[in-house]
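> Here it is, the structure, as structure tokens.
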Amino acid sequence: MASSTDGITICDEKDQYIYVNEAYARISVIPRKILLGDLAENHPFRINYCSRKGLEDTLHNKDTGVFKGEVPGLKKDGGLVPTEVMATGLWDNGNYNGHICIVRDITERKRAEEKLREGERFWKLFLQASRTESG
């Protein structure tokens, strides 16, 4: 896990971090030392997607047990970094024991998607203009 390019975290049954790999520490604005400490619900560094409601609806619900989605992360410079988050609840005999989470920085994918959209817009305008001139 330490050599992964994806961020990996493991949280206990109280949703406190017990493992944070180097890749996650690079993605996150939150210092690794603070992540592995006791982050109270109202701590300013609490992860934005770990709201009580979100956890109850997904990871804490053994019928659902997973969360997957794009979540904006906070970069060290204060900007946002697009990330894809996949988390799975860990269950044993019906008891929630925490979760494992994989976080991927999708900045490059978002840039590529935007370039594709720009290309589509260009060609649509080009075709519209050529129809207008020939018509």
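> Out of region 71-86, which residues are in contact with a helix residue (DSSP H, G or I) (Cβ under 9 Å, 6 or more places away or on another chain) and without any contact (Cβ under 8 Å) to a residue 40 or more places away in the chain?
Matches in region 71-86: PRO82, GLU84.
> Moving on. Which of the residues that make up region 59-106 are aromatic (Phe, Trp, Tyr) and either outside any strand (DSSP E or B) or crowded, with 18+ Cβ neighbours inside 10 Å (or both)?
Hits for region 59-106 are PHE67, TYR96.
> May I pose another question? How about region 70-97: which of its residues are among the charged types (D, E, K, R) and touching a Gly at 6+ places or on another chain (Cβ under 6 Å)?
Within region 70-97, none qualify.
> Pull up region 118-127, narrow it to residues that are of a type outside the set (Asp, Glu) and open to solvent by less than 100 Å² (accessible area, probe 1.4 Å), then point me to the one that is nearest to PRO82 (Cα to Cα).
Checking each candidate, the answer is GLY119.
> Next up: Somewhere in region 50-58, is a residue modelled with pLDDT of 80 or more, hydroxyl-bearing (Ser, Thr, Tyr), surrounded by 15 or more Cβ atoms within 10 Å (Cβ to Cβ) and not in a loop (DSSP other than H, G, I, E, B)?
no
The values are calculated or read from the model by the stated rules, or taken from the named source; none is laboratory data. All of these numbers come straight from a predicted model, not from anything done at the bench. Neighbour counts are summed over all protein chains in view; Cβ atoms, including those assigned to glycine, are modelled from backbone coordinates with ideal geometry. The protein model used for the area step is the full one, side chains on, heavy atoms only, and it has no ligands, DNA or RNA in it. Shrake-Rupley method; radii C 1.70, N 1.55, O 1.52, S 1.80 Å.
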